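Comments concern the structure below.
The values are calculated or read from the model by the stated rules, or taken from the named source; none is laboratory data. No experiment lies behind these values; they were computed from the predicted model shown. Glycine gets a Cβ as well: all are built from the backbone with ideal geometry, and neighbour counts include every protein chain shown.
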Amino acid sequence: MDIRSYLRHVDYALLAATVALIAYGVATIYFATRNDVEGEPFYYVRSQLINVGLGLAALVLVSLVDYELLRRWQWAIYAVTVLSIAAVYVVGTVTRGSRRWIELPFFNLQPSQLGLVLITIALGAFLVDRMELLGTRRVTLAALVYVAVPAALVFFQPDFGTSMVYVALVLAMLYFYGTPWTHFVALGVSGAAGFAALVWLLPLVGVELIKPYQMDRLLVFLDPGRDPGGTGYNILQSMIAVGSGALTGRGEQATQTTLDFLPEHHTDFIFSVIGERFGFVGAAVLLALYGVLLWRGLRIATLARDMYGSIMAGGVTVMLLFQVFVNIGMTIGIMPVTGIPLPFVSYGGAAMVSFLLLIGLLQSIHLRAMTVSTPGVGRGRA
């Protein structure tokens, strides 16, 4: 693809929404952290801008690649996903009780985040290669097992939140694949039964797959006031911050943030900073930008030149929406605290690069949809 064709067919609305979200996030990180490092008000901002630069370069590179070429490397990509996540157990560093990162000379690699990009590519190819099995229980179960391996490895790091993102991804891609609704009903019932066994039945017989702090988070979600000075502190302070922002925000009087009452104010709870400082209006602007991203992602899913692109675009869009919902939900008390970042807004290198890689994949699908000229090539073809 030549440069003129590339520039003519880029989805600029998607790109603009992404850049606006990043800018919103960088500005919020500045207001949240300018007093965190003495004499270095831009410490976190500089680091985040480096992450953004790397991510944007990765976005352009991925968008230049015809995504159909990636399909040929399905099993190699899947193997890299599983092995890189498994490598954390061997060479990963422990931070706050979790082993999620691999320290490299210039940055820390979080394979579980990169794995979300890789598994999207691999699972899309896995499903499209089995179009003749569409609608059968066999392919649905096979797809679940396919994703269950990396998801389980992430869960036991432990990283419950990111493992749930893997689950949301496979369900979204199965939906865009055309899986019958009866399969989703069966999965919903099975999931509810499995969750009950995980948090209730297994502990009764001495098997605790959920760590005590994870269980505390679930219980606090149901009743934040049960431990206001301990496990319930984060949620209560977050809800106070969001509520105090009212309509237009408190601006420089955002004391929950500036006086450090609000924990993790540049990562997990950055939406609380937005709510307190910019109020309902600021939160509405943020949600509107996510709305544009959702619209363009679903549009790309419908325009994709083939089923492979459609499945991936749909999966990426729903996965991003799921993370937005869970992150914002936990800051206002309607979801448990899971540590899922707010896409393009929360501070963090691995997450930012991964999110921009996903946007690059959407752009690749859009570019090929806009430039396809071969007769007979359409969404329904594998």
Residues of the stretch 284-312 satisfying the condition of being free of Cβ contacts under 8 Å to residues at least 60 places away in the same chain and within 16 Å of the chain's Cα centre (by Cα)
Leu287, Gly291, Leu294
Could you tell me whether Ile77 is farther than 24 Å from Val285 by Cα, part of a helix (DSSP H, G or I) and modelled with pLDDT of 90 or more?
yes
Look through Leu14, Leu70, Leu61 and report the one residue that is closer than 24 Å to Pro111 by Cα and modelled with pLDDT of 95 or more.
Leu61
Specify which of the listed residues (Val281, Val273, Val316) is in contact (Cβ under 8 Å) with a residue 24 or more places away in the chain, in a helix (DSSP H, G or I) and surrounded by fewer than 24 Cβ atoms within 10 Å (Cβ to Cβ).
Val281
Where residues in the stretch 251-270 are in a helix (DSSP H, G or I) and of a type in the set (S, T, N, Q), which of them is nearest to the chain's Cα centre (by Cα)?
Thr257
Could you tell me whether Phe269 is of a type in the set (Phe, Trp, Tyr) and modelled with pLDDT under 95?
yes
When residues of the stretch 319-354 are limited to those that are of a type in the set (Val, Ile, Thr) and part of a loop (DSSP other than H, G, I, E, B), the one surrounded by the fewest Cβ atoms within 10 Å (Cβ to Cβ):
Ile334
Where a residue in the stretch 190-202 is without any contact (Cβ under 8 Å) to a residue 24 or more places away in the chain and more than 20 Å from Leu141 (Cα to Cα) and its partner, wherever it lies, is part of a helix (DSSP H, G or I) and aliphatic (A, V, I, L, M), with Cβ under 7 Å and at least six apart
Val199/Met215; Val199/Leu218
Whether any residue in the stretch 187-198 is small (Gly, Ala, Ser), surrounded by 22 or more Cβ atoms within 10 Å (Cβ to Cβ), under 27 Å from Met307 (Cβ atoms) and under 22 Å from the mean Cα position of the chain (by Cα) is what I want to check.
no
Of the residues that make up the stretch 248-264, is at least one touching a helix residue (DSSP H, G or I) at 6+ places or on another chain (Cβ under 6 Å), under 22 Å from Leu356 (Cβ atoms) and aromatic (Phe, Trp, Tyr)?
no
Residues of the stretch 183-208 being part of a helix (DSSP H, G or I) and of a type outside the set (A, V, I, L, M, F, W, C), in sequence order, are His183, Gly188, Ser190, Gly191, Gly194, Pro203
Is it true that some residue in the stretch 356-375 is at pLDDT 95 or above, within 16 Å of Leu14 (Cα to Cα), of a type in the set (D, E, K, R) and surrounded by fewer than 23 Cβ atoms within 10 Å (Cβ to Cβ)?
no
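For every residue, the table says whether it meets (1) among the aromatic types (Phe, Trp, Tyr); (2) on the phi < 0 side of the Ramachandran plot; (3) within 16 Å of the chain's Cα centre (by Cα).
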{"site": "Leu83", "(1), (2), (3)": "no, yes, no"}
{"site": "Ile119", "(1), (2), (3)": "no, yes, yes"}
{"site": "Ala122", "(1), (2), (3)": "no, yes, no"}
{"site": "Phe126", "(1), (2), (3)": "yes, yes, no"}
For Val154, indicate whether it is at negative phi, surrounded by 21 or more Cβ atoms within 10 Å (Cβ to Cβ) and out of contact with any Lys or Arg (no Cβ under 6 Å at 6 or more places or on another chain).
yes
Reported set for the stretch 27-43 where residues are assigned to a helix (DSSP H, G or I), more than 21 Å from the chain's Cα centre (by Cα) and within 20 Å of Phe278 (Cα to Cα) is Tyr30, Phe31, Ala32, Thr33
